[in-house]
Amino acid sequence: MITRDSFENEYDKFVKALTRRVKAYLRDPNAENVHRLRTATRRLQAAFTLLPKTTRNQNKVQKAMSRIKKLMKVNASVRDQDIILSKLSMYKQNRTFERLTEDLRKSRRSHLEQAKELAMSIQKNTGLRVKTTDLSDSLLEKRYNKVVRKLSSKIASELPLVREDQSKVEELHIVRRDCKQLRYVLEMGEFSKPPKPLVTLRSWQDLLGAIRDHDVMLAYLRGLTKSSEIQLALNTETESRNNNYRKFVEASRENPISRFAGKP
């Protein structure tokens, strides 16, 4: 269940959280602040999908969301580099990994310049505060149910493919993104205790997140000149990735989310 009052409180909280995260990011764009900013923007994007179409189509709101999407895209590269840097730090240091780390840090600084410009434009004028006086409880509930059904149906259609073929890297990434959005939408509902589908999504998200991190690292390693050190890292990441993939396949056999989509 979701009401206008609860939605307004959550939406306002997400807008304020984005403002705080942008400030922290501009002050110190370390790996943690990059991650927190991405989470804040994704939660706000999920809440945005529940707004009436007339509100979502307002010019100032469209411009604000466009800036956020651009920031998310640039910041994704920074986040990927943070993942690689973190993983490289776990391997025994030698001249090969030290050189790679230095090059990655230079690339990260370059991507950050563009990302910080976009973050500053959001800080100056978010344009995301909207009036929801025309949004009744019944209309909001209808919109909420529609978004939940749409995302659940999409996930239910995507799961068979990624469970049967672990090489579907981008498809797994899409499942992860859709699960994350559905989780954030469901969390805006009011309930005495978390429903089973929400608990399931949180569990899946942890596994899919770990798999995605491995895929980012593997793609990076495969683009490097092969050496004994690089091959060792490839083998380690591949083995860990396969273990997490098997855990996800097992965890996803029971799919309580499908009931939202009207599928068995």
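The values are calculated or read from the model by the stated rules, or taken from the named source; none is laboratory data. As the structure is a computational prediction, the values presented were derived from the model and not from experiment. Virtual Cβ from ideal backbone geometry, glycine too; neighbours counted across all protein chains shown.
Structure values in brief
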read-out	value
Residue in the stretch 243-253 that is within 17 Å of residue 81 (Cα to Cα), in a loop (DSSP other than H, G, I, E, B) and either in the same structural domain as residue 151 (by TED's automatic domain parsing) or not β-branched (Val, Ile, Thr) (or both) present	no
Single match in 107, 86 (criterion: under 22 Å from residue 237 (Cα atoms), touching a residue at least 24 places away in the same chain (Cβ under 8 Å) and of a type outside the set (A, V, I, L, M, F, W, C))	86
Members of the stretch 164-194 that are aromatic (Phe, Trp, Tyr) and surrounded by 17 or more Cβ atoms within 10 Å (Cβ to Cβ)	184
Residue check for residue 7: of a type outside the set (Val, Ile, Thr), crowded, with 16+ Cβ neighbours inside 10 Å, more than 16 Å from residue 123 (Cβ to Cβ) and out of contact with any strand residue (DSSP E or B) (no Cβ under 8 Å at 6 or more places or on another chain)	yes
Matching entry among 41, 55, 101 (being of a type in the set (Ser, Thr, Tyr), modelled with pLDDT of 90 or more and more than 20 Å from residue 209 (Cβ to Cβ))	101
Matching option when the condition is β-branched (Val, Ile, Thr) and without any contact (Cβ under 8 Å) to a residue 60 or more places away in the chain, among 39, 96, 54, 19	39
Test for residue 229: is it surrounded by 12 or more Cβ atoms within 10 Å (Cβ to Cβ) and not assigned by TED's automatic domain parsing to the domain that holds residue 86	yes
Candidate set: the stretch 76-98, residues that are at pLDDT 90 or above and touching a Leu at 6+ places or on another chain (Cβ under 7 Å); chosen: the one nearest to residue 46 (Cα to Cα)	78
Residue within the stretch 114-129 that is without any contact (Cβ under 8 Å) to a residue 12 or more places away in the chain and not in a helix (DSSP H, G or I) present	no
The listed residue being under 29 Å from residue 45 (Cα atoms), in contact (Cβ under 8 Å) with a residue 60 or more places away in the chain and surrounded by fewer than 17 Cβ atoms within 10 Å (Cβ to Cβ), out of 256, 160, 197	256
Residue match in the stretch 47-61 (condition: farther than 17 Å from residue 180 by Cβ and buried (at least 20 other Cβ atoms within 10 Å of the Cβ))	no
Scan of the stretch 16-38 for residues that are among the β-branched types (Val, Ile, Thr), closer than 21 Å to residue 61 by Cβ and either in contact with a Phe, Trp or Tyr (Cβ under 8 Å, 6 or more places away or on another chain) or surrounded by fewer than 16 Cβ atoms within 10 Å (Cβ to Cβ) (or both), ordered by number	19
Within the stretch 216-226, considering residues that are surrounded by 16 or more Cβ atoms within 10 Å (Cβ to Cβ) and touching a residue at least 40 places away in the same chain (Cβ under 8 Å), the one nearest to residue 173 (Cα to Cα)	216
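This table checks each residue for (1) among the acidic types (Asp, Glu); (2) modelled with pLDDT of 95 or more; (3) farther than 25 Å from residue 239 by Cβ.
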site	(1), (2), (3)
137	yes, no, yes
140	no, no, yes
143	no, no, yes
158	yes, no, yes
163	no, no, no
172	no, yes, no
189	no, no, yes
195	no, no, yes
200	no, no, yes
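Here's the yes/no breakdown for (1) touching a Pro at 6+ places or on another chain (Cβ under 7 Å); (2) part of a helix (DSSP H, G or I); (3) within 20 Å of residue 148 (Cα to Cα); (4) of a type in the set (S, T, N, Q):
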{"site": "21", "(1), (2), (3), (4)": "no, yes, no, no"}
{"site": "39", "(1), (2), (3), (4)": "no, yes, yes, yes"}
{"site": "43", "(1), (2), (3), (4)": "no, yes, yes, no"}
{"site": "46", "(1), (2), (3), (4)": "no, yes, yes, no"}
{"site": "51", "(1), (2), (3), (4)": "no, no, yes, no"}
